[in-house]
Structures are given as structure tokens and as C-alpha cells.
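First up is the structure itself, then whatever we jot down about it.
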Amino acid sequence: AGSSNSAVLAFGDSGDTDIGRVYYYNANNSMHFTTNANDRMVLDSSGRLIISSNGTGTNQNNYGTLLQVAGTDSSGSLSLNRYSANAFGSYIYFYKSRNASINGQTVVQDGDALGVLLFAGSDGTDAAYGAEIGAYVDGTPGSGDMPGRIVFKTSADGSESPTERLRIDSSGRILIGTTTEGHADADDLTLATSGTTGITIRSGTSNYGNIWFSDATSGGGEYAGYVQYNHSSNALNIGTNGTQNLTIDSSGNTTLSGNLTTS
């Protein structure tokens, strides 16, 4: 074919000679795959594979990813399905090497991104980022050693730059609103803001809000100590050793089971 034309392999029947086609468009060096006379898949000159329900064979995002799916309905989605008689499901696999050659092995470094999921929406002009979930190296890696953390980011109102809101670090600690853990004796969950900070436990109007202190997975050890709010009576209860020892009722009256010791 000519330099601005296409070389075509067509598939048809006696009623329609252009049902399916595979053609190479020389003008932009792209390979097209057509069904029912519409482009469904395009392999462009950069090696990007674009799957589309409406014939759009152009780059769909700023990153120019090698695999792109576009559609005007739920067809613009990616479905992973696995059928097997075992406990395993489908996977999305992310891999990172610092080697500049494909299949080359160079160890990654602390802070390197292992993989990121980006969420974007049109702001009327282009794609604006609203949220991000990423996995990063969280320490010094080595042979058989890859410490990692997961980071959740969202964009504030008036911004299209996601900011970290929550992370789970390589020690399993959860940090919300901060990248620095709390006191060593209470750093499993750390919350931080630049102003007043708190936790809300919202229960039913006739139920309890509870904080349990446990040293067992069953029996009384699961609630050896507790702080409990009774919404039916609007009373605050505090218990130790599995026994309710202090109650402050809705009027502020205090009932103490045991002795009051001062020093």
C-alpha cells in the first residue's frame, strides 16, 4: 500500500464483505483490528494496545500506558476472572527493578514505588487526579528481604494532587494523617491533624459503644478491661478484671465498686 494508505486483510460473507479486518495504517504506523466494521483494538506506533468499544484508537491518559481500555459504558472496564478448583483468585502483579534493561535485576531502594493505582476524573479540561493507592519500599531491601508499606492518598477540595492520608508500614502500624508513629508503647495506631483530633464511635440509640482491653482470644480475657458507653441510660462504665467498677450516670452521679485510694 501507499505511504498514506492501508494494507488490509478483510473477512466477510456473501451479505457483507467488510465484517472484520486486520489492517496496517502506514500514515501513523498503527495496526488496527476491526469487527462489525468498527475498530475495536489498535496497536499504535509506540506499542500501546488500545481496546475500545467505540473505535477510539488514541492514547487515553497522560502516562501513555501500554494497555488501555476505553468505552462508553461498563465496557470501559477491566475484568479478571479465574475458574479453578482451589482457593486462589485473580492477580494484578506489580514489579519494580532499578535496572534500566528489561529483565535486568538491580535492587530497589528505600522509598521506591513498587506499584501505584491512580484514580482520575475529568475536570472539564483534562484528567485530574483525585486519589491514589501505592505500595513503596519501607526500609533497606536485600536478597529475600523486601520491607513494604501501603499508602492511601486523596486530593483535598480545590486540588488535583493527592496527599497522603493513611499508611500501613512494614511493621503493621497504621498512621492516619501523619508519617511519624506515636509513642513506642502506643504506636500501633497513630492519628494526627494540625488541630483538634479525635475518634468517634457511633452506636445505635439503645446500644453500647465499647473499647475493650484484651489479653486473650476467648473467654473473659477478651474484655478484661473496658470503657463502655450505654446509650440507653447515657451512662459511662469502666471495668477492670472483667468487672464493672465505675459508673457515671446521665446526671453525673458516680458509683464506685471498691475502695477509693488517693495519694
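The values are calculated or read from the model by the stated rules, or taken from the named source; none is laboratory data. Keep in mind the model is a prediction, meaning the values are calculated, not measured. With ideal geometry, Cβ positions are generated from the backbone for all residues, glycine too; neighbour counts draw on all protein chains shown. Please note that ligands, DNA and RNA were not included when accessible areas were found on the heavy atoms of the full protein model with its side chains. Shrake-Rupley method; radii C 1.70, N 1.55, O 1.52, S 1.80 Å.
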request  = Output the residues belonging to region 176-200 that are surrounded by fewer than 12 Cβ atoms within 10 Å (Cβ to Cβ), hydrophobic (A, V, I, L, M, F, W, C) and under 24 Å from the mean Cα position of the chain (by Cα).
outcome  = 199
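When you look at residue 82, is it of a type in the set (D, E, K, R) and open to solvent by 100 Å² or more (accessible area, probe 1.4 Å), yes or no? Working first, answer last.
On the way: of a type in the set (D, E, K, R): yes; open to solvent by 100 Å² or more (accessible area, probe 1.4 Å): yes.
Considered against the rule, which asks whether it is of a type in the set (D, E, K, R) and open to solvent by 100 Å² or more (accessible area, probe 1.4 Å), residue 82 comes out as yes.
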query = Taking the condition over 21 Å from residue 78 (Cβ atoms), of a type outside the set (Ser, Thr, Tyr) and open to solvent by 50 Å² or more (accessible area, probe 1.4 Å), does residue 111 pass?
reply = no
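Conditions (1) in contact (Cβ under 8 Å) with a residue 24 or more places away in the chain; (2) within 27 Å of residue 136 (Cα to Cα), marked per residue:
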| site | (1), (2) |
| --- | --- |
| 83 | no, no |
| 101 | no, yes |
| 105 | no, yes |
| 112 | yes, yes |
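Got a sec? Which of 85, 131, 127, 113 is of a type in the set (A, V, I, L, M, F, W, C) and at pLDDT below 95?
Details: 85 fails: at pLDDT below 95; 131 fails: at pLDDT below 95; 113 fails: at pLDDT below 95.
Just one listed residue meets the conditions, 127.
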remark   = Considering residues that are touching a residue at least 24 places away in the same chain (Cβ under 8 Å) and not in a loop (DSSP other than H, G, I, E, B), the number found within region 227-263 is 1
